[in-house]
Amino acid sequence: MEKIVVDAMGKACPAPVIMTKKAIDGLSEAAVVETHVDNAIAVENLKRLASGIGAEVETEADGESHYVVRIKTGYANGAASDTLVKAPVLQFDACGPGKTVLQLSADVMGAGNDELGKALMKAFVYAASQLDPLPDAVVCYNGGVRLTIPEADTFADLKAMEEAGVRIIVCGTCANFYGLTEKVAVGTISNMYDILQTLNEAGRIIRP
Amino acid sequence: METNIRLTKLADCAGCGAKVGAGTLATLLEGFRTRQDDRLLVGYERSDDAAVYKINEETAVIETTDFFPPIVDDPFLYGQIAAANAMSDVYAMGGEPKLALNIMCTSKEMPSETVREILRGGYDKAYEADAVICGGHTIKGAEPLYGLAVTGFVHPDRVLLNSGARPGDVLILTKKLGVGILTTAAKADLADPAVMTAVYRQMATLNKGARDAAVQFPVNACTDVTGFSLMGHSCEMAQGSGVTIHLQTDRIPYYKEAFDAAAMGLVPEGAYRNRAFAEPHAAYAPGRGIPLALEDILYDPQTSGGLLIALPEREGEEALRRMKAAVPDAEIIGYVTEAEEKAIILE
């Protein structure tokens, strides 16, 4: 994977974020953008930038005046693209031991009556939060993003799972479609690439 | 007016983000001899917005000053915002500004027409506030600065402290949050100019309308939300009053665009300082999670922010209704209870 180095040493905010964003926007394929900064605030802001575009991020401190932030972007043109343009070819080898992923694609469980479906979903998420071991990840898309807002009766259980280390991935396009982007209060807002990669890495996918 | 220089590029920090932290200040002032005076109703140790000195049974004088580097490139607007911000502390004490002195520093890159426009902005706001600019002091320096030293008056029995909030009060905030984040985004040319026009207009709006509406009600506490952010100023109010403040985060008015900018990492340094100061005194309500970008907005340093007013719940709706006539973005954003373990609960 290509690596691009951004030297933002000696730059005050917001310059490191702008320089890094420009580097990401200029990408035509998946790459690692490695930004060097000299203050902890720039690190925090770069972590927000990475999380905002649904990219993985790792940071490294070399003393108190040199930090390295690596942002792994998975698709073309950073935040500009939210689609599968450059997603890798998926390999289906779900037979081996792998991660357990909960797939929530609606806010109801099963088809028939939605009132019943909602009650079932609440019970399902609660039961999932009591599993031992817990699932490794939860992906929420389409109506499933409604489960991640504070008003949802599934919210507390999802929050508890997140606090216990379960990775919760919320489809950004879907949240935006339902006008819920600012209300999603559990998990990380992410993109199709991340959702597919998580499902692809799963050894077992559980659907309500 | 057209000018080729970009004022904000001449400054390191923007607006109230340039403020030195409260902890740093306390250390600097430690151990100095000071005179005691019973007529000094509000002094430094109260962590309030301005000093208040009682002259007689009818009149107390309010003293305050505020100045900062350019927060916007338009010099007239910069002057308006700096003046509105400086006079805000008088309104936050429940008083009215009457006299003001210019405080100014000009850098060598600034044409005299730019300097004149900044001053014109200040005079414009002083006129609107029924105050008189009666002098001042201007020096040359590395970075431009502008602001006012303001004298105001208030009846000694009607001083609005930031430490009088009582259980059963509701809290009203009169301007939207997110100004610090958006000016950071604007500095990087990443903010929508139409949004910034609204932001600058809000910053240039005097807190006079909010104050005039508030003093018609039995207000228990009042402060203006500036460099220490909603969280920092709420924390001071809660601790000073010996109560806990519950902030209902879904009712807090803020610029939606600030949320997006924060999620992109355009969070000013002051917000991290404010978080370090106030976060240890705050807790989430059970089962409540708040998006990080919204938290950043709550810790965002505001320049010329709105008033934060605590008054009995039964008066809340009527006070809000009357306030909205002057400041339409005002909202009830929380309530006050007896002191709990933390000074602030985020709901």
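The values are calculated or read from the model by the stated rules, or taken from the named source; none is laboratory data. All values reported here derive from a predicted model rather than from experimental measurement. Cβ: placed from backbone, ideal geometry, glycine included. Neighbour counts: every protein chain shown. These area figures cover heavy atoms from the full protein model, side chains too; ligands, DNA and RNA do not enter into them. Shrake-Rupley method; radii C 1.70, N 1.55, O 1.52, S 1.80 Å.
The rows are residues; the columns are (1) within 14 Å of chain B (Cβ to nearest Cβ); (2) modelled with pLDDT under 85; (3) touching a Lys or Arg at 6+ places or on another chain (Cβ under 9 Å); (4) surrounded by 13 or more Cβ atoms within 10 Å (Cβ to Cβ).
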{"site": "A:VAL57", "(1), (2), (3), (4)": "yes, no, yes, yes"}
{"site": "A:VAL69", "(1), (2), (3), (4)": "yes, no, yes, yes"}
{"site": "A:GLY74", "(1), (2), (3), (4)": "no, yes, yes, yes"}
{"site": "A:LEU84", "(1), (2), (3), (4)": "no, yes, no, yes"}
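The rows are residues; the columns are (1) β-branched (Val, Ile, Thr); (2) touching a Pro at 6+ places or on another chain (Cβ under 7 Å); (3) closer than 23 Å to B:THR65 by Cβ.
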| position | (1), (2), (3) |
| --- | --- |
| B:GLN216 | no, no, no |
| B:GLY232 | no, no, yes |
| B:GLU236 | no, no, yes |
| B:GLN239 | no, no, no |
| B:ILE245 | yes, no, no |
| B:GLN248 | no, no, no |
| B:ARG251 | no, no, no |
| B:ALA261 | no, no, no |
Legend entry - Selection count where residues are over 26 Å from B:SER304 (Cα atoms), of a type in the set (Phe, Trp, Tyr) and either part of a strand (DSSP E or B) or assigned by TED's automatic domain parsing to the domain that holds B:GLY240 (or both), scope region B:31-62: 0
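Kindly indicate whether B:LYS176 is charged (D, E, K, R), open to solvent by 50 Å² or more (accessible area, probe 1.4 Å) and touching a strand residue (DSSP E or B) at 6+ places or on another chain (Cβ under 6 Å).
Details: charged (D, E, K, R): yes; open to solvent by 50 Å² or more (accessible area, probe 1.4 Å): yes; touching a strand residue (DSSP E or B) at 6+ places or on another chain (Cβ under 6 Å): yes.
Criteria met by B:LYS176.
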Inset, instruction - Would you check which residues across region B:293-347 are without any contact (Cβ under 8 Å) to a residue 60 or more places away in the chain and assigned to a helix (DSSP H, G or I) and list them? - result: B:ALA293, B:LEU294, B:GLU295, B:ARG314, B:GLU317, B:ARG321, B:LYS324
Legend entry - Filter result (in a helix (DSSP H, G or I) and either β-branched (Val, Ile, Thr) or open to solvent by less than 10 Å² (accessible area, probe 1.4 Å) (or both)) within region B:234-260: B:SER234, B:CYS235, B:MET237, B:ALA238, B:THR249, B:ALA258
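Conditions (1) out of contact with any Asp or Glu (no Cβ under 7 Å at 6 or more places or on another chain); (2) away from chain B (no Cβ under 13 Å); (3) among the aromatic types (Phe, Trp, Tyr); (4) open to solvent by less than 10 Å² (accessible area, probe 1.4 Å), marked per residue:
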{"site": "A:LEU131", "(1), (2), (3), (4)": "yes, yes, no, no"}
{"site": "A:VAL138", "(1), (2), (3), (4)": "yes, yes, no, yes"}
{"site": "A:ARG146", "(1), (2), (3), (4)": "no, yes, no, no"}
{"site": "A:GLU162", "(1), (2), (3), (4)": "yes, no, no, no"}
{"site": "A:ILE205", "(1), (2), (3), (4)": "yes, yes, no, no"}
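So in region A:1-37, with the set limited to residues that are charged (D, E, K, R) and away from chain B (no Cβ under 13 Å), which one is nearest to B:MET264 (Cα to Cα)? I'd like the intermediate steps shown before the answer.
Residues of region A:1-37 that are charged (D, E, K, R), as a first pass: A:2-3, A:7, A:11, A:21-22, A:25, A:29, A:34.
From what is left, the residues that are away from chain B (no Cβ under 13 Å) are A:2-3, A:7, A:29, A:34.
Working: A:GLU2: 23, A:LYS3: 21, A:ASP7: 19, A:GLU29: 21, A:GLU34: 17 Å.
The selected residue is A:GLU34.
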Inset, instruction - Would you tally the residues in region B:302-326 being on the phi < 0 side of the Ramachandran plot and either open to solvent by less than 10 Å² (accessible area, probe 1.4 Å) or assigned by TED's automatic domain parsing to the domain that holds B:ILE81 (or both)? - result: 12
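For A:ASP114, indicate whether it is more than 14 Å from chain B (Cβ to nearest Cβ) and either crowded, with 22+ Cβ neighbours inside 10 Å or modelled with pLDDT of 85 or more (or both).
Working: more than 14 Å from chain B (Cβ to nearest Cβ): yes; either crowded, with 22+ Cβ neighbours inside 10 Å or modelled with pLDDT of 85 or more (or both): yes.
Against the criterion (more than 14 Å from chain B (Cβ to nearest Cβ) and either crowded, with 22+ Cβ neighbours inside 10 Å or modelled with pLDDT of 85 or more (or both)), A:ASP114 qualifies.
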Inset, instruction - Could you check, for region B:271-283, whether at least one of its residues is open to solvent by less than 60 Å² (accessible area, probe 1.4 Å) and more than 25 Å from A:ASN45 (Cα to Cα)? - result: no
Legend entry - Filter result for B:TYR335 (within 14 Å of another protein chain (Cβ to nearest Cβ) and aromatic (Phe, Trp, Tyr)): no
Legend entry - Residue that is surrounded by the most Cβ atoms within 10 Å (Cβ to Cβ) [pool: residues in region A:39-55 that are within 15 Å of B:TYR272 (Cβ to Cβ) and of a type outside the set (A, V, I, L, M, F, W, C)]: A:ASN45
Legend entry - region B:52-72 residues that are under 14 Å from B:GLY227 (Cβ atoms), paired with ones that are among the acidic types (Asp, Glu) and outside any strand (DSSP E or B) (beta carbon under 8 Å, 6 or more apart): B:THR64/B:ASP49; B:THR64/B:ASP89; B:ASP66/B:ASP89; B:PRO69/B:ASP12; B:PRO69/B:GLU143
Inset, instruction - Among the residues of region A:182-208, count how many are more than 15 Å from B:ALA263 (Cα to Cα) and among the aliphatic types (A, V, I, L, M). - result: 7
Inset, instruction - Among the residues of region B:261-292, write down those that are closer than 27 Å to B:SER163 by Cα and in a helix (DSSP H, G or I). - result: B:GLY270, B:ALA271, B:TYR272, B:ARG273, B:ASN274, B:ARG275, B:ALA276, B:PHE277, B:ALA278, B:GLU279, B:PRO280, B:HIS281
Inset, instruction - Answer yes or no as to whether B:ILE103 is within 14 Å of another protein chain (Cβ to nearest Cβ) and either free of Cβ contacts under 8 Å to residues at least 60 places away in the same chain or closer than 25 Å to B:ALA330 by Cβ (or both). - result: no
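Take B:VAL72 and decide whether it is assigned to a loop (DSSP other than H, G, I, E, B) and crowded, with 18+ Cβ neighbours inside 10 Å. Reasoning before the result, please.
On the way: assigned to a loop (DSSP other than H, G, I, E, B): yes; crowded, with 18+ Cβ neighbours inside 10 Å: yes.
Here the answer is yes, as B:VAL72 does meet what is asked.
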Legend entry - Members of region B:253-267 found to be of a type outside the set (Gly, Ala, Ser), over 11 Å from A:GLU182 (Cα atoms) and within 7 Å of another protein chain (Cβ to nearest Cβ), listed by number: B:MET264, B:LEU266, B:VAL267
Inset, instruction - Keeping to region A:167-179, report how many residues are crowded, with 17+ Cβ neighbours inside 10 Å, within 14 Å of chain B (Cβ to nearest Cβ) and not in a strand (DSSP E or B). - result: 2
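Just for region B:150-188: of the residues that are in a helix (DSSP H, G or I) and among the charged types (D, E, K, R), which one is nearest to the other protein chains (Cβ to nearest Cβ)? Break it down into steps so the answer makes sense when it comes.
Of all residues in region B:150-188, those in a helix (DSSP H, G or I) come to B:156-158, B:179-187.
Checking the rest, the ones that are also among the charged types (D, E, K, R) come to B:157-158, B:187.
Numbers: B:ASP157: 43, B:ARG158: 39, B:LYS187: 6 Å.
The extreme case among them is B:LYS187.
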Legend entry - Flag for B:ALA191 being in a loop (DSSP other than H, G, I, E, B), open to solvent by less than 30 Å² (accessible area, probe 1.4 Å) and closer than 25 Å to A:LYS183 by Cα: yes
